[in-house]
Structure formats: structure tokens, C-alpha cells
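Single-structure report; data block below.
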């Protein structure tokens with residue numbers, strides 16, 4: 001296992017190093033081949049490790065990184081069932097995105113920089129997934145932030161992209177600071193930072209210590225996974241290339257926060273308050289993202305707010321203690337959301353970089369193959385019966401409902417309401433884009449889309465539909481394979497204690513509601529499509545604007561945090577620094593110069609003047625001594 005795991009994280013890093021050092025000397029085809037081969041090799045090794053390990057946990061020390069007294073940090077790996085599933089998902093989706101990017105980035109000049117950071121990002125995600133200690137994990141954690149900043153701002157000559165990259169970097173740093181403090185507290189409390197040791201020693205932590213560390217881990221997860229109140233960076237991050245949105249901001253990086261909570265769940269489990277807060281953050285974010293996605297016009301922003309909402313379900317599952325449900329939805333979401341982003345990229349390029357869904361329309365006849373791909377992703381996002389999203393979402397709702405505390409019943413009701421909205425905004429997007437009236441000013445250039453961009457999406461489409469069989473519930477004649485596979489993960493709940501009748505009733509109700517909402521969406525956005533502004537004018541403007549602007553959360557930060565900070569910074573700059581400090585130093589310098597100018601007249605070089613000054617000085621000294629002697633005599 002040691003060579004396999006070492007090579008698993010080494011191949012993407014090696015690809016990034018080669019492209020960084022000599023990439024400019026290589027042809028485009030060579031750069032693309034190196035990048036894709038590195039990720040393909042990583043996927044092969046992830047699959048090999050999955051087959052070899054079974055359900056066993058492996059702790060491997062590769063080498064010592066650094067030491068400071070008793071504080072020693074090594075390049076350590078920890079591989080268990082949770083890491084196995086995550087590594088497979090990360091490398092598989094990354095491989096699809098790399099292949100897609102070969103065609104998508106065909107007209108871009110900075111392809112070496114793009115693929116270098118893409119390879120480096122895969123390495124960083126694998127470090128997060130397989131790290132055996134928190135310092136090494138933190139290295140991967142910060143590196144994915146760096147890669148996200150670089151790839152969001154890939155078109156750095158565009159102010160919007162550059163600002164979006166900086167915004168993502170700054171906002172996620174808030175969570176990273178909390179993570180750093182949590183690492184320090186764990187070292188103080190337990191005396192070591194190994195992943196397995198922390199989970200084994202979590203029971204020895206006091207409830208207060210577990211609560212503080214749990215809250216810090218939650219803040220770290222909120223920042224990286226774009227949950228409230230730090231969700232403002234993800235919609236703006238859509239300024240980057242679409243494959244970046246699919247990989248970083250739908251399938252992998254935004255789920256790193258969820259993975260962190262699952263990895264250290266024994267600590268979180270030690271504080272019921274932290275569990276409830278995680279569930280609260282998740283359920284509020286679920287509704288926030290769903291309502292915001294309901295009225296967006298930019299196809300990528302619809303998917304961005306949808307991502308925020310769906311990751312909220314994963315947080316809700318962790319708060320309900322169902323790690324299997326959270327990971328199940330994480331996997332199904334990775335498939336259908338990356339599929340939707342990449343399919344949206346095909347639409348955008350076919351319409352000459354148009355992203356407004358009301359300037360699209362009529363693509364079902366012009367791009368039928370893309371319609372079926374988009375339909376598969378939309379159906380899974382909307383939790384249409386028998387799709388992966390249907391089984392994973394219902395697993396979470398059932399786990400929340402089964403919690404004995406009354407507050408979780410409230411969470412279940414709110415999450416169910418958001419689940420009703422999800423198929424509405426998902427199929428709204430599908431019907432407008434593919435069934436709406438074609439926009440006269442946006443002719444479809446299907447011939448400009450390379451076949452590779454659509455062919456690589458079919459595996460994602462198939463998995464978006466059939467991935468539900470990974471954890472098919474017992475009442476569907478399944479054996480909940482994923483839940484049983486995670487049974488050895490600390491804190492993982494293997495099965496839900498629900499009667500088959502209750503589970504079937506909830507699934508039937510969910511299926512009926514989803515079908516009804518799809519029919520409603522078809523009537524409202526399909527049959528009634530007569531203009532490109534179908535149905536939007538009837539929505540009350542104040543609610544429409546509220547949802548369109550993401551509940552004005554960004555404006556709230558601008559007015560309550562950014563503006564006062566800029567005002568204070570301006571005052572400190574102009575008044576304090578320039579007006580007082582600099583002015584005082586300048587005045588002092590001028591005074592010294594004036595004094596020097598006056599003393600300069602005494603340095604003439606004439607002996608007679610110097611003798612006179614010596615006589616005057618000697619006289620003053622004698623006078624001083626005489627006065628002092630007189631006072632001493634008294």
C-alpha cells in the first residue's frame with residue numbers, strides 16, 4: 001500500500017512541477033498529455049488502493065518534514081474507507097475535467113499555466129483526503145485555496161475575474177484562520193496531530209474543549225464550502241473558466257469542508273450543541289441557495305447557488321450524525337453538478353459566450369445530444385425518482401427526521417420545503433434553455449463545439465442516474481453498500497433505524513412532490529413560453545430582487561464591514577499616517593536641518609573664533625561650578 005499511496009499523490013504533483021519548470025518549452029499537445037496522464041495515473045492508483053485495502057485503515061509515514069523540539073511533523077498518510085471513496089471521486093471527476101479542458105481551452109494562450117494549476121489542485125485535494133496529520137492536511141488545505149485563486153482569476157486581464165479570485169481568497173482565509181487555531185488547540189489538548197490519534201483521543205476531551213474545537217472546525221468548513229455566512233464568494237467565482245467551476249466549485253473543493261467535518265466527527269460528536277449548529281447552518285444555507293437559484297438568469301450562477309444549497313444538505317446530514325448520508329450526497333452531487341457545469345460550458349461556447357438563459361432557447365432540436373446530458377444532470381439535481389439525487393437526498397431527510405430532538409423536526413420541515421423548490425429551479429433552467437424561443441441575436445454554432453467536450457460527459461450522465469445503487473436502501477431490495485463500507489470510519493452511522501413502511505412513505509411522498517413540481521415547471525416555463533422573459537414578470541419584484549441579489553448578503557458585507565473598514569483605513573492613512581506621523585517626522589527633520597543651518601555659521605575654520613568659543617565655554621563651566629559649590633555650602 002505504501003508505494004501505491006505515495007504514487008497516488010505524487011503523479012499530480014510531478015505533472016504540476018514539469019509544467020511549471022519546462023511547460024513553456026513544450027507544445028500544447030505535450031502539455032495536455034502530461035496533465036491528463038498524471039491524473040489518469042492517479043485515478044488508476046486510487047482504484048488500485050481501493051481494491052487492495054478493503055475496509056482496513058492504513059497509517060503510513062513517508063518521511064519527516066520538520067521538527068522543533070517535541071513538535072515533529074512528517075509526511076504521513078492515513079487511508080481508510082472514507083479516504084478511499086473520496087480519492088476515487090476526486091481523481092475520476094478531475095480526469096473528466098482535464099479531458100474536457102483539452103477541448104474547452106483550445107483557443108487560450110495560457111494553457112500551460114491552466115493545466116499546471118489544475119494538476120497542483122488535484123495533488124492538494126489528494127493531500128487533504130489522505131493526510132495522516134493535521135499540518136500536512138493544512139498544507140493541502142491552503143494549496144487548494146491558492147489554486148482556486150489562480151484558476152478563478154485565470155483571465156486576470158478582466159477586472160471581474162481578478163476581483164472574484166481575490167474575493168474567494170480573502171473570504172476563505174477567515175475559515176483557514178479558525179482551522180489554524182483548531183490545530184494549535186488540538187496539539188495543546190492531545191499532544192499530537194495525527195488523524196487517527198485525534199479521533200482515538202476525542203473521547204478524552206472535555207465537553208468544553210470539544211465544543212470550542214468543533215466550532216473552529218465548523219468555521220473552517222463554512223469558509224471552504226461556501227456556507228452561510230461566508231457563501232458570498234462562490235457566485236462571483238463563476239467568472240473563471242467553466243471546467244474550473246465544475247471541478248473546484250462543484251465537485252471537490254467546496255466539499256472539502258464537509259470532508260473535514262466527517263474526518264473529525266468524533267470531536268464534533270462530543271458536543272451536541274456543535275452538532276445542532278452544524279445542522280442549523282446547513283438547513284439555512286439549503287433554503288438560501290434554493291431561493292436564490294430560483295430567479296437567477298446567468299446559467300452558471302444558477303448552478304453556483306444550487307451548489308451552495310446542495311452542500312447545505314451535506315452539512316445537515318453531518319449535524320444529524322449521518323456520515324454515510326452526507327458522503328452519499330457528496331458523491332452523487334459531484335457527478336450531477338460537474339455534469340451540469342460542463343454541459344453548461346458547451347451551451348455557453350455554442351452561443352458565443354452567452355450565459356443569460358433568456359438569450360438562449362430552442363437548443364433541444366439544435367443540440368439533442370446535449371439535451372439528454374443536461375436532462376440527466378437536471379433530473380438528479382431535482383431528485384427525480386430513481387436518480388442518484390433522489391436516493392441521497394431522501395437518505396438525509398430521513399436521518400434528520402429520525403433524530404429525537406424537536407429542533408431536528410423543524411430542520412426536516414425546512415429542508416423538505418427547499419427540496420420542493422429544487423426541481424422547480426432545476427427544470428426551469430432546462431425548459432428555458434432547451435424549449436424556449438430561440439434568441440434571434442444568438443445563433444447556435446454547434447459545429448464550433450469539439451466532440452470531445454460532449455463525449456466525456458456520458459460517464460457523468462450515467463453515474464448521475466445510477467449512482468443511487470451505491471447506497472440503495474433496504475426497502476428497494478438494496479443493502480446500503482456505502483453505509484456498510486463506511487462502518488469502520490470513526491463515528492459513522494451504519495444504518496438508520498426506520499421501519500420499511502416509514503421509509504417507503506417518505507420516499508413516495510418525495511417522489512410525488514418532485515413529479516408535481518416538474519409538471520408545474522413545465523406548465524409555467526414550458527407550455528407558457530412565448531417570450532424570453534417567460535413568467536418572470538408575474539413574480540413580485542421585491543421578492544424577485546431579494547432572491548436575485550442573494551438576499552443582499554454581499555451588499556450587507558459591503559455596507560457593514562467593507563465600507564467601515566475602508567473608511568477607517570482612509571482615516572488612518574490620510575489623517576494619522578500622512579497627517580500626524582509623516583507630518584511630525586517631516587517637521588522634526590526640518591527642525592534638525594534648521595538647527596544645523598544655524599550651527600553651520602559657527603564652523604568657519606578661523607582659529608580666533610574657536611579660541612573665543614573655548615574661552616566662553618570655559619567661563620560658563622567655571623560659573624556653573626561656582627554656583628554648584630555655593631549651593632552645597634548652604
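The values are calculated or read from the model by the stated rules, or taken from the named source; none is laboratory data. The model shown is predicted, which means the values in this text are computed figures rather than measured ones. As a convention, Cβ positions derive from the backbone with ideal geometry for all residues, glycine included, and neighbour counts pool all protein chains shown.
Count, please, the residues in region 447-483 that happen to be under 17 Å from residue 317 (Cβ atoms) and in a helix (DSSP H, G or I).
Qualifying residue count for the region: 6.
Looking at 587, 598, 567, can you tell me which residue is at pLDDT below 85 and either under 14 Å from residue 232 (Cα atoms) or part of a helix (DSSP H, G or I) (or both)?
Matching residue, one of 587, 598, 567: 598.
Quick grid of which residues meet (1) under 16 Å from residue 492 (Cβ atoms); (2) under 17 Å from the mean Cα position of the chain (by Cα):
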site	(1), (2)
307	no, yes
317	yes, no
320	yes, no
325	yes, no
330	yes, yes
335	no, yes
339	no, no
352	no, no
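Which residue, of 9, 34, is part of a helix (DSSP H, G or I), crowded, with 19+ Cβ neighbours inside 10 Å and in contact with a strand residue (DSSP E or B) (Cβ under 9 Å, 6 or more places away or on another chain)?
9
Restrict the check to region 526-534 and report whether at least one residue is more than 30 Å from residue 322 (Cβ to Cβ) and either part of a helix (DSSP H, G or I) or modelled with pLDDT of 85 or more (or both).
Looking for residues that are more than 30 Å from residue 322 (Cβ to Cβ) and either part of a helix (DSSP H, G or I) or modelled with pLDDT of 85 or more (or both), one finds at least one in region 526-534, hence yes.
Please go through region 335-350 and pick out each residue that is surrounded by 24 or more Cβ atoms within 10 Å (Cβ to Cβ) and more than 29 Å from residue 255 (Cα to Cα).
Once the filter is applied, which keeps residues that are surrounded by 24 or more Cβ atoms within 10 Å (Cβ to Cβ) and more than 29 Å from residue 255 (Cα to Cα), region 335-350 yields nothing.
Only residues that are more than 19 Å from residue 257 (Cα to Cα) and touching a strand residue (DSSP E or B) at 6+ places or on another chain (Cβ under 9 Å): list them for region 152-199, please.
Once the filter is applied, which keeps residues that are more than 19 Å from residue 257 (Cα to Cα) and touching a strand residue (DSSP E or B) at 6+ places or on another chain (Cβ under 9 Å), region 152-199 yields 187, 192, 197.
Name every residue in region 119-143 that is within 15 Å of the chain's Cα centre (by Cα) and under 17 Å from residue 242 (Cα atoms), in order of residue number.
121, 122, listed by residue number.
Of all the helices (runs of 4 or more DSSP H) wholly in region 177-262, which have at least 1 residues that are touching a helix residue (DSSP H, G or I) at 6+ places or on another chain (Cβ under 6 Å), in contact (Cβ under 8 Å) with a residue 40 or more places away in the chain and closer than 30 Å to residue 553 by Cα?
207-224, 233-236, 242-246
What is the one condition in (1) modelled with pLDDT under 90; (2) within 32 Å of the chain's Cα centre (by Cα); (3) surrounded by 14 or more Cβ atoms within 10 Å (Cβ to Cβ) that residue 483 does not satisfy?
With (1) modelled with pLDDT under 90; (2) within 32 Å of the chain's Cα centre (by Cα); (3) surrounded by 14 or more Cβ atoms within 10 Å (Cβ to Cβ) applied to residue 483, the lone miss is (1).
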